[in-house]
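The values are calculated or read from the model by the stated rules, or taken from the named source; none is laboratory data. These figures come from a predicted structure and were not determined experimentally. Positions of Cβ are generated from backbone atoms using ideal geometry, with glycine treated the same way; all protein chains shown enter the neighbour counts.
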Amino acid sequence: MHPRRPPFRGVLNAEEDLMTTIKASCPICGDVSLTPPQVRLVVCTRPEWSYYAFGCPTCQDEVSKDADEEIVALLVSGGVELEHWVIPAEAMEEHNGEPITYDELLDFALLLEDQDLLAQQLRSLNHR
């Protein structure tokens, strides 16, 4: 196993303040240098869906890569703002049965147009 190289290093800018430079790799251009505001870091409640993304400063392509715990820690320590992405529990539930069809959706929308009819339908369900 090869040791991981940190994706950033500090350099001095014109004002002589320490500014972080993040080294990343574009699949088209190869290695590129970025600043923290150029990197979007998204940490999901499902860790395997966490990622970081950036627009390549050379080819302007949008690049997105997985972000494990080590990458997240390195990017945050380099000044990249962390964005939280919360997946609702309902989205992760197992769903059984056939997907709803367009016709069923249309029927439901038409039913919603008449609130009295909807109330009547709901009352008939309660009496079964």
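Side notes on the structure shown:
- From the list 48, 62, 69, 94, the one residue that fits, being modelled with pLDDT of 90 or more and over 27 Å from residue 28 (Cβ atoms), is 69.
- Condition broken by residue 104, with the remaining ones in (1) charged (D, E, K, R); (2) within 26 Å of the chain's Cα centre (by Cα); (3) at pLDDT 90 or above satisfied: (2)
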